[in-house]
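The values are calculated or read from the model by the stated rules, or taken from the named source; none is laboratory data. Keep in mind it's a predicted model, so treat the numbers as computed, not measured. Cβ coordinates were reconstructed from backbone atoms using ideal geometry, including for glycine residues, and neighbour counts include every protein chain displayed.
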Amino acid sequence: MGKQSQNSTSTTSKIYGNTTTNNPYASATTNNSGTTANFQPGTALDSIYNFVNKNMDSLLDEYLNPNLNSTTNQAKLNAYTNKLNSETYKNLENNIINPLSNRNMVRSSQATDLYKNLSDQNASSLSSYINDLLADSQENTASMMNNLLAAYMQGYNVISDMQNQSLQTSAGNGTTTTNSSSSSNGLGMSTDSAGKIVSILEKVLSMYSGTSM
């Protein structure tokens, strides 16, 4: 007795072929687990990638907090200080010592004022130069960061293109499999169950009718 229904389902899966794609800058490998890509070791893009990842924090700190401790800034400051000292010595000799000496006024109050003015001028010149040096340093750091990040993003684009190429090639070399399955559902009663129920009904009816069926 009863009815049975049968359901069938099918699933399709893609198995990617093992593929490795290369160019002078990067390589990518694709299999059924996914795609990985890397720069070719020793290339410019590989060096930039490693340098930016390692040094961007310190470059950002240098940009936000410019200082005179770098090798470049120290060299520039020393060169300017030496030049300023040389010019100061010439200025002191030609414009202060010699004229005052000719008038026997080297130790006069006028000489003291001239010395002080020259010292103040030098301090002001040095302070202005340091401010300009720090501003230039910050600007140079910003320019370097922009150039590095532009090159870094170029490398990112190379890696993305390589991954896409590898994935497309792998998909073309892959295979597609389809799996089908079926299942049945029983509705109503089985033959054995139906027979037992009929037997019970016969006994019940015989009790009331007094006859056996």
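Is it true that TYR80 is among the hydroxyl-bearing types (Ser, Thr, Tyr) and closer than 22 Å to LEU148 by Cβ?
No: the conditions fail for TYR80.
Any idea how many residues of the stretch 99-118 are exposed (fewer than 12 other Cβ atoms within 10 Å of the Cβ) and modelled with pLDDT of 75 or more?
Residues meeting the conditions: 4.
Take the residues in the stretch 65-88 that are touching a helix residue (DSSP H, G or I) at 6+ places or on another chain (Cβ under 8 Å) and not in a helix (DSSP H, G or I), then tell me which one is farthest from TYR129 (Cα to Cα).
SER70
Check off (1) closer than 30 Å to LEU59 by Cβ; (2) in contact (Cβ under 8 Å) with a residue 12 or more places away in the chain; (3) out of contact with any Pro (no Cβ under 9 Å at 6 or more places or on another chain) for ALA79 and give me the number that stays unchecked.
The single condition ALA79 does not satisfy is (2).
Only one of THR191, THR141 is over 60 Å from the mean Cα position of the chain (by Cα) and either farther than 30 Å from THR30 by Cα or at pLDDT 75 or above (or both); which?
THR191
Select from the stretch 89-122 the residues that are part of a helix (DSSP H, G or I), farther than 29 Å from GLU139 by Cβ and of a type in the set (S, T, N, Q) and list them in ascending order.
The answer is ASN91, ASN94, ASN95, ASN98, SER101, ASN102, SER109, GLN110, THR112, ASN117, SER119.
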